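Since the structure comes first, as structure tokens, the remarks are kept for the end.
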């Protein structure tokens, strides 16, 4: 399968000078569908390629650029509110994913759109933290009793908490993988190595290698495929940023082994390289060799389709099957078979929510 | 029809190009009747790809439905097939209001005469669309009956003169008001009652690329047995109302605040109660004449 145009352009923006209008049509649609339009906009804005953006296309980039800029301000505000609410917790509050990228001022924040702020707190403090956030206006919103139980008993997070006035959502985690999952990276190890954010005393982000491992495990263990390509683009930006430090690359596979996250890291590097031409030293491949799946080409066939844009311009006869397989796989890793059967049955027959296929 | 169902039809509507596909005859009929005066765009780049289609499967025959699809994605639940055309209209409004953040988009009708626009924001049921239709059938230029598009850089309002949606009693009022009014086949029992669309005047469509200065913000309210009357209202309150009724005020943040305050600065703000459409139109014409002499 040919690479999607959006990933080609993000890894090599110079390509835009050769695009005709029909190419731009595909590019904007793929970018929109994958949540990467704002990132495309910020990549081109102020660059020497900005002039080659056709007149008709400009507003699309401008509109999402406006959105991303505004969201960055909103995220900073929400983070400060969360920090204030959790002041008395006497435990480090760690920002994860998008909010971490923004607060730590990293390139992965570029053109990043948000739906929520993710935080990590110790399991023994989670009730106290929930109560504190409730006092500040956030309330846990499970869809139904089944969902509530599913989150509280089995997951690594409580149901999403929505702010009663502002509508902002906090996802509060106590681990980075579900309790029922195959692997159990120890959250204590992550917390012990967390790094304080200079600009907001009291808040932390994961150390570089852990940030990458968390992103990898989220992508390849969580089944959040609608944002697959955007998360992979985050991964690309993280690796390029941290990778400037040579120690990072020796540290990364070691830490992956320590946290039982070698397989997700293997995939993250493999597909970041495939979609975004991320530079990864060969030595890292060697170190991760034993983590390779037994049928890598079959996994490629699945992930090349499932991680790409879910759009007519990037579809073949196997796309649906690949997406379905990826969904099942992610759930397979999340919980034991019997529980999985019960969960999928419930989702298919009882919950109104549609399963992504 | 066959072109519509296969490749789709590309239309230029105000600042946007949209490619529409549909296999539903009601949609084809509505487009032919209400969009005949729009220019077909043959560009390779389209702003929005939309389609209205019947879902597959048995239900197609038992209780026919229509789906609105935006570039392969369904933002809404399906509606009964009888509502396919209004669904296309609502879907196209959604496309604009949830993507075009280079504009501040206010939920309001907007019409123009003598170079200045009247913005008519109002809650549903206040007679906003009826008044808008009446003005448009009396020589005012239609800019939009739903979406007021303000360019924050220039402060100008950009037209999007698509068909005007009329509901329930206002359908008859407009039919009685003007013999020039063309309304398409109504859809019954929608979420908003009976809905039909008024064909926009040719002149408004031909001038759809001409943005215009804002002149007034007027809140219409239809009331039984009252004389038509304009009462000045506070600019600050008007601003707050517009902000709350903008589709993307919070997404735009500071830009929206600046664009909104600049808009209000240039506008006279009124509450307007009316009973008979002809009286209302006389008062609006007088307003437009007044502005002309200032200009």
If you take the residues in region B:41-80 that are part of a strand (DSSP E or B) and within 12 Å of another protein chain (Cβ to nearest Cβ), which one is surrounded by the fewest Cβ atoms within 10 Å (Cβ to Cβ)? B:73
Just give me the residues in region B:99-116 being more than 14 Å from the chain's Cα centre (by Cα) and either crowded, with 24+ Cβ neighbours inside 10 Å or assigned to a loop (DSSP other than H, G, I, E, B) (or both), in sequence order. B:100, B:101, B:102, B:103, B:104, B:114, B:115
When region A:46-71 is examined, which residues are found to be surrounded by 15 or more Cβ atoms within 10 Å (Cβ to Cβ) and away from chain B (no Cβ under 12 Å)? A:49, A:50, A:52
Filtering region A:199-250 down to residues that are in contact with a strand residue (DSSP E or B) (Cβ under 8 Å, 6 or more places away or on another chain) and assigned to a helix (DSSP H, G or I), which residue is modelled with the lowest pLDDT? A:214
Between residues in region B:243-254 that are under 17 Å from residue B:123 (Cα atoms) and facing another protein chain (nearest Cβ under 8 Å) and residues that are at pLDDT below 90 and assigned to a helix (DSSP H, G or I), which pairs lie under 8 Å by C-beta distance while being six or more apart or on different chains? none
Since residue A:338 meets every condition but one in (1) loosely packed, with under 14 Cβ neighbours inside 10 Å; (2) on the phi > 0 side of the Ramachandran plot, which condition does it not meet? (2)
Quick one: which residue in A:270, A:305, A:230, A:240 is free of Cβ contacts under 8 Å to residues at least 40 places away in the same chain and within 28 Å of residue A:111 (Cα to Cα)? A:270
Do we find a residue being within 12 Å of chain B (Cβ to nearest Cβ) and over 17 Å from residue A:308 (Cα atoms) anywhere in region A:4-19? yes
Any chance region B:81-98 includes a residue that's within 14 Å of chain A (Cβ to nearest Cβ), over 13 Å from residue B:48 (Cβ atoms) and outside any strand (DSSP E or B)? no
The listed residue being part of a loop (DSSP other than H, G, I, E, B), on the phi < 0 side of the Ramachandran plot and buried (at least 17 other Cβ atoms within 10 Å of the Cβ), out of A:293, A:264, A:309: A:309
Go through the residues of region B:151-169 one by one and say whether even a single one is closer than 21 Å to residue B:261 by Cβ, in contact with a helix residue (DSSP H, G or I) (Cβ under 6 Å, 6 or more places away or on another chain) and not in a strand (DSSP E or B). yes
Let me confirm something: among A:31, A:74, which residue is within 14 Å of chain B (Cβ to nearest Cβ) and surrounded by fewer than 23 Cβ atoms within 10 Å (Cβ to Cβ)? A:74
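The values are calculated or read from the model by the stated rules, or taken from the named source; none is laboratory data. Note that the structure is predicted; figures quoted are calculated from it, not measured. Glycine also receives a Cβ, built like all others from the backbone with ideal geometry; neighbour counts cover every protein chain displayed.
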